[in-house]
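The values are calculated or read from the model by the stated rules, or taken from the named source; none is laboratory data. Computed from a prediction, not measured in an experiment: that's the story for all the values here. Every residue, glycine among them, receives a Cβ derived from its backbone with ideal geometry; neighbour counts consider all protein chains shown. Surface areas here come from the heavy atoms of the whole protein model, side chains and all, with no ligands, DNA or RNA. Shrake-Rupley method; radii C 1.70, N 1.55, O 1.52, S 1.80 Å.
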Amino acid sequence: MLASYPIRMARDALQDDGAVRWSLDDLIDYLNAAQYALVSVRPDAKSTIAAVQLASGTRQAIPSGGIRLLNVTRNMGADGVTPGKVVTLAQRNSFDLNRPGWHTDTAKTAIRHFFFDNRHPKDFYVWPPVHAAIAVYVEMMYSVEPAMMPLSTDAPAYDAYEDVIDVSGIFVNPLLEFMLYRAYQKDAETANAMLASQHLQLFYSQLGIDSAKAALHSQENRDRPYSPMETSAVGV
C-alpha cells in the first residue's frame, strides 16, 4: 500500500488539506509511529519465517532485528534445509517441577520443546539442550521491525507519497486511527485531548484488543507467543 493513501485519509479527517497545522513530515512521523505501534500489539503484522541456527545449551534468542518470537515449528537438520520432527510449545512451570535438572540434560542434535515468556519476547528456551559441536537448525517464525519512511526534510529528492509502507494494507484503518491519535495529541491541552484518546481506543478495538496492557501483559499470553497455539503436554 502506498503511503499516500493513509496520509491522504488523515488529511481529510483532520480537514487540513493545505498542511497548515500538520506538515507532511508530521504525518510521516505519525505513520512511522503507527506501524511500530501496530507491530508491538499485533506482531503477526510484520513477520518472517527462517531457518535459524540455535546456540548450544537451552537459552536461545531470535535473530538480530527481530522483535518477538512467534513460533518454532520444526527441526531443520544440521544444514538448515532438511525438515525434521516438529517442535512443540510447552509450559515451563510444569517442566521445572517435573524435571528440575533439564538445563543440564544430555545435549542433542534435535529439540522437542520450546518455552516462551512474554516478559522477554526476544528470548526463549529449548529442550533438550542443543549440541555444542554439531549445528542444529530450526524453522522459526518471528516478528521484525517495520522499515521507517524517511522524512521529506531528510531526503529532499524523495517522494514520500510514492513509498510503500512496510505492513499490509489490510491494517490501513487502525494505522489511520493511530495517526489521528498522534495528530490530536499535538493540541492535547485543548478539547482535542479527548479526540486523541478516542482514536487511540479505536486503534486497539479495530485490532480486536481492549488495550495495550491487555495485549502484552495478560496472563493468557505470559507463556505463549502471539498465536492461538495450544500448549503441549510435556513429554520427557
Filter segment 32-79 down to the residues that are among the charged types (D, E, K, R), touching an Asp or Glu at 6+ places or on another chain (Cβ under 9 Å) and modelled with pLDDT of 95 or more and list them by number. 59, 74
Residues that are in a loop (DSSP other than H, G, I, E, B) and at pLDDT 90 or above, drawn from segment 151-195: 165, 166, 167, 168
Give all pairs with beta carbons closer than 9 Å in which a residue from segment 56-69 that is closer than 9 Å to residue 129 by Cβ meets a residue that is among the acidic types (Asp, Glu); count only pairs at least 6 apart in sequence or on separate chains. 58/105
Given the condition surrounded by fewer than 17 Cβ atoms within 10 Å (Cβ to Cβ), modelled with pLDDT of 90 or more and over 23 Å from residue 23 (Cα atoms), answer yes or no: does some residue in segment 212-231 qualify? no
For segment 33-45, what are the residues that are of a type outside the set (Val, Ile, Thr) and either closer than 12 Å to residue 207 by Cα or surrounded by fewer than 21 Cβ atoms within 10 Å (Cβ to Cβ) (or both)? 33, 36, 37, 38, 40, 42, 43, 44, 45
Could you please find all residues in segment 60-75 being charged (D, E, K, R) and open to solvent by 40 Å² or more (accessible area, probe 1.4 Å)? 74
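Here is a check on your reading of the model: is residue 96 out of contact with any strand residue (DSSP E or B) (no Cβ under 8 Å at 6 or more places or on another chain) and outside any strand (DSSP E or B)? Steps first, please.
On the way: out of contact with any strand residue (DSSP E or B) (no Cβ under 8 Å at 6 or more places or on another chain): yes; outside any strand (DSSP E or B): yes.
In short, yes.
Look at residue 135 and say whether it is surrounded by fewer than 18 Cβ atoms within 10 Å (Cβ to Cβ) and closer than 16 Å to residue 32 by Cα.
Answer is no for this residue.
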Write out, first by first residue and then by second, each pair whose Cβ atoms fall under 6 Å of each other, whose residues are 6+ apart or on separate chains, and whose first residue, in segment 79-96, is hydroxyl-bearing (Ser, Thr, Tyr) while the second is buried (at least 17 other Cβ atoms within 10 Å of the Cβ) and modelled with pLDDT under 95. 94/234
